[in-house]
1. Has segment 71-78 got any residue that is out of contact with any helix residue (DSSP H, G or I) (no Cβ under 9 Å at 6 or more places or on another chain), under 22 Å from G123 (Cα atoms) and among the acidic types (D, E)?
2. Out of the residues in segment 51-75 meeting the condition of being small (G, A, S) and assigned to a helix (DSSP H, G or I), tell me which one is surrounded by the fewest Cβ atoms within 10 Å (Cβ to Cβ).
3. Are there any pairs, at least 6 apart or on different chains, whose C-beta atoms fall under 7 Å, with the first in segment 70-81 and farther than 7 Å from L95 by Cα and among the acidic types (D, E) and the second open to solvent by less than 50 Å² (accessible area, probe 1.4 Å) and at pLDDT below 95, and if so, which?
4. Kindly evaluate E26 against the criterion of being surrounded by 18 or more Cβ atoms within 10 Å (Cβ to Cβ), under 14 Å from V128 (Cα atoms) and charged (D, E, K, R).
5. Have a look at L13, L31 and point out the one that is at pLDDT below 95, open to solvent by less than 10 Å² (accessible area, probe 1.4 Å) and assigned to a strand (DSSP E or B).
6. Filter segment 121-132 down to the residues that are small (G, A, S) and either at pLDDT below 95 or open to solvent by 60 Å² or more (accessible area, probe 1.4 Å) (or both) and list them by number.
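The values are calculated or read from the model by the stated rules, or taken from the named source; none is laboratory data. Fair warning: this is a prediction, and the values are worked out from it, not measured in the lab. Here Cβ is always computed from backbone atoms with ideal geometry, including for glycine, and neighbour counts include all displayed protein chains. In case anyone asks, the SASA skips ligands and DNA or RNA and just uses the protein heavy atoms, side chains included. Shrake-Rupley method; radii C 1.70, N 1.55, O 1.52, S 1.80 Å.
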Amino acid sequence: MIELIDHIGEVELRVVSPTLEGLYAEALLGLARECLDGDPGQPDERRPVELRSSGPDTLLADLLNEAVYLMDADGFVASDLEDARVEGGALRGTLAGRREPGARALVKAATYHGLSVRPADGGWEGRVVLDV
């Protein structure tokens with residue numbers, strides 16, 4: 001489940017998934033939908049990703065910031081995370097997405113304000129504020 005909550009100059013992204021890896025994948029899809037104003041379509045390009053952070057919450061922000069960078073620098077819109085492995089504060093996997101020539105990174109960054117990733121109802125819940 002993905003929920004976007006508008007704030008002035010920012011959007012809060014709330015994501016729920018049965019697995020931690022699924023939570024990160026859903027967050028990428030939510031970011032892609034926000035930046036493309038709709039469905040990002042089927043991925044046709046893949047890129048490896050490897051991140052290390054202090055914990056699952058900061059890893060979420062770092063992953064989204066990597067996606068924002070790729071969108072801004074290369075027009076690559078990551079909408080899924082495949083073959084993901086999370087161990088401690090490390091994430092390894094494959095970003096799946098597509099190049100969108102008209103894509104603009106409407107999101108400047110994922111912030112640490114209100115950032116959380118926690119177990120919830122037998123799965124995981126994450127919240128991150130996106131600076132737009």
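1. no
2. Step by step, filter segment 51-75, then rank; the result is A73.
3. From residues that are farther than 7 Å from L95 by Cα and among the acidic types (D, E), the pairs are D72/A105.
4. In short, yes.
5. L13 is the lone residue from the list that is at pLDDT below 95, open to solvent by less than 10 Å² (accessible area, probe 1.4 Å) and assigned to a strand (DSSP E or B).
6. Matches in segment 121-132: G122 only.
Here's the yes/no breakdown for (1) assigned to a helix (DSSP H, G or I); (2) open to solvent by 50 Å² or more (accessible area, probe 1.4 Å); (3) closer than 18 Å to D131 by Cα:
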residue	(1), (2), (3)
E21	yes, yes, no
G41	no, no, no
A96	no, no, no
P119	no, yes, no
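Conditions (1) farther than 25 Å from H113 by Cβ; (2) under 9 Å from the mean Cα position of the chain (by Cα); (3) among the basic types (K, R), marked per residue:
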| position | (1), (2), (3) |
| --- | --- |
| G9 | no, no, no |
| P18 | yes, no, no |
| R46 | yes, no, yes |
| L64 | no, yes, no |
| L91 | no, no, no |
